[in-house]
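Visitor: Supplied in structure tokens, the structure appears directly below.
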């Protein structure tokens, strides 16, 4: 038995052995993950429908007017149920990627779900056993989510609760990375306070993404490129250059400084 254990340890050690590289690897040319954001109804979903072998994960039930392969979030579930559904979708796609492109449309809607999914997780943690319980009693009966007394985890003092929704978002985001053979897109809206601003059409005001708190800073740095889409002369345009100093820039060299028509043949070469 002792020798069997030694053999097992030896096999595990050999399997986990670190082999240092002796030659540089060839760099990837195209972005394999991307955040695309812009104002609502500017034509983002229609643009994605032009990609071959593309799956749109429709979180807002907005793909009905476009001919696409789409998975629509279940309308009979609340935010917590939809978040669980989305995790199962990511797990299924991760088994064997079959789509060239996967689009989460929109991440801003998932951000809304994460607040209540994070609330649910906190309520089931050791720290949150009295949160959203009848009479605030630890381990007591849970309040109905429709109750006037039901609170978001974001109401916890000193911003402590935001980490619960942020962790939910980061978990979902990381689960979807690598689920497409070519590129995963995360679509975002523009935050409401920026919609009516009279900036130039192609400008990207800092912290414009419709995401909560630190996610505006964290998520752009986890993708290869971030582009702001806008309409000009009845054409859908995309600006990758305006995000260089503000939202994380781009790792795809041919997109550095690009600000022009949203042409997939130029974005993927």
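Visitor: May I ask what percent, to the nearest 5, of DSSP beta bridges between residues of the chain are antiparallel?
Guide: If we restrict to bridges inside the chain, about 30 percent are antiparallel.
Visitor: Specify the residue with the greatest mean-square fluctuation among 128, 118, 227, computed from a Gaussian network of the chain linking alpha-carbon atoms under 10 Å apart.
Guide: Checking each option, the largest mean-square fluctuation is seen for 128.
Visitor: Which of these, 155, 111, 132, has the largest mean-square fluctuation under a Gaussian network model of the chain (Cα springs below 10 Å)?
Guide: Most flexible of the set in this elastic network: 155.
Visitor: Another question, if that's okay. Report, in whole Å, the centroid distance computed from the Cα atoms of region 45-70 and region 108-135.
Guide: Centre-to-centre (Cα) distance: 31 Å.
Visitor: Note down the relative contact order for the chain as a percent, whole number, built from C-alpha pairs under 8 angstrom at least six residues apart.
Guide: The normalised contact order for the chain reaches 24 percent.
Visitor: How would the chain be classified by its alpha-carbon gyration tensor: rounded, prolate or oblate, with rounded meaning a/c under 1.5 and the a/b versus b/c comparison settling the rest?
Guide: Since a/c reaches 1.5 but b/c is at least a/b, the shape of the chain is classed as oblate.
Visitor: Sticking with this one: Who wins for biggest fluctuation among 175, 34, 142 in a Gaussian network model of the chain, springs between alpha carbons below 10 Å?
Guide: Result: 142 has the largest fluctuation of those listed.
Values in this text are rule-based calculations from the coordinates and carry no lab data. Remember, predicted model here, so these are calculated numbers, not experimental data.
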